[in-house]
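Accompanying notes for the structure given below.
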Amino acid sequence: MEDLKYMSDGTVELSAEIKERLSEIKADAARAAEELVRQAGLREGDIFVVGCSTSEVIGNVIGKASVRPVAQAVFDGIYPVLKERGIFIAAQCCEHLNRAIITERACAEKYFLEPVCVRPQPKAGGSFATVTYDTLEEPVALEHIRAHAGIDIGGTLIGMHLREVAVPVRLSVSSIGEARIICARTRPKYIGGPRAIYE
């Protein structure tokens, strides 16, 4: 995609090419979320972690071109899929906030997680986490979470926020915009020995 044009006030002027692709980005994000929810067997109350580099989505280097309208398109694709099923979204912030998580207060309360005080912004948290914070009714920031499944858009490294036994999931969607995606579900640990029986 074309390079971004930064305005004097710090906002970004989107090229015509990027504007044209926003609906495609949204549709691909929705399709990926639907497939992952289905393949992971997620249920109401489960947690779905999303790491998203808008820089990578527009073909730039991660951390170099945070673009809110692109984050909004990805969010608008994923969030309705989760909300309709009662699944909690957990948006991973960038490294400048130590990859903190933005989620609903109800999620933190359900899983007995302690909120921390921080509000993401595009250059400290990332555009996707910022859009999530600004959209959720009662957003909270957390240092850690253990999600049941997740999608990594552009190499953001969501593994630290997945439950311990992560299983790769292949989708029909392999990228969102220019960013490659990697998805995972999790499963309970197998314990015991030769006499153990597993479902």
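The values are calculated or read from the model by the stated rules, or taken from the named source; none is laboratory data. All figures in this text were calculated on a predicted structure; none of them were measured in a lab. Every residue, glycine among them, receives a Cβ derived from its backbone with ideal geometry; neighbour counts consider all protein chains shown.
Side notes on the structure shown:
- Residues of the range 39-85 that turn out to be under 18 Å from ILE102 (Cα atoms) and without any contact (Cβ under 8 Å) to a residue 12 or more places away in the chain, as a count: 1
- Criterion (in contact with a Ser or Thr (Cβ under 8 Å, 6 or more places away or on another chain) and either more than 24 Å from ARG21 (Cβ to Cβ) or modelled with pLDDT of 95 or more (or both)) met by exactly one of LEU157, LEU113, LEU97, LEU162: LEU162
- Some residue of the range 152-162 being crowded, with 21+ Cβ neighbours inside 10 Å and acidic (Asp, Glu): yes
- Within the range 59-74, restricting attention to residues that are at pLDDT 85 or above and touching a Gly at 6+ places or on another chain (Cβ under 8 Å), the residue that is surrounded by the most Cβ atoms within 10 Å (Cβ to Cβ) is VAL70.
- Members of the range 116-133 found to be over 15 Å from the mean Cα position of the chain (by Cα) and surrounded by 15 or more Cβ atoms within 10 Å (Cβ to Cβ), listed by number: VAL118, GLN121, ALA124
- Remark: GLY77 falls outside the filter, which requires a residue to be buried (at least 24 other Cβ atoms within 10 Å of the Cβ) and at pLDDT 95 or above.
- Test: GLU44 is of a type in the set (Asp, Glu), buried (at least 24 other Cβ atoms within 10 Å of the Cβ) and either part of a helix (DSSP H, G or I) or at pLDDT 95 or above (or both): no
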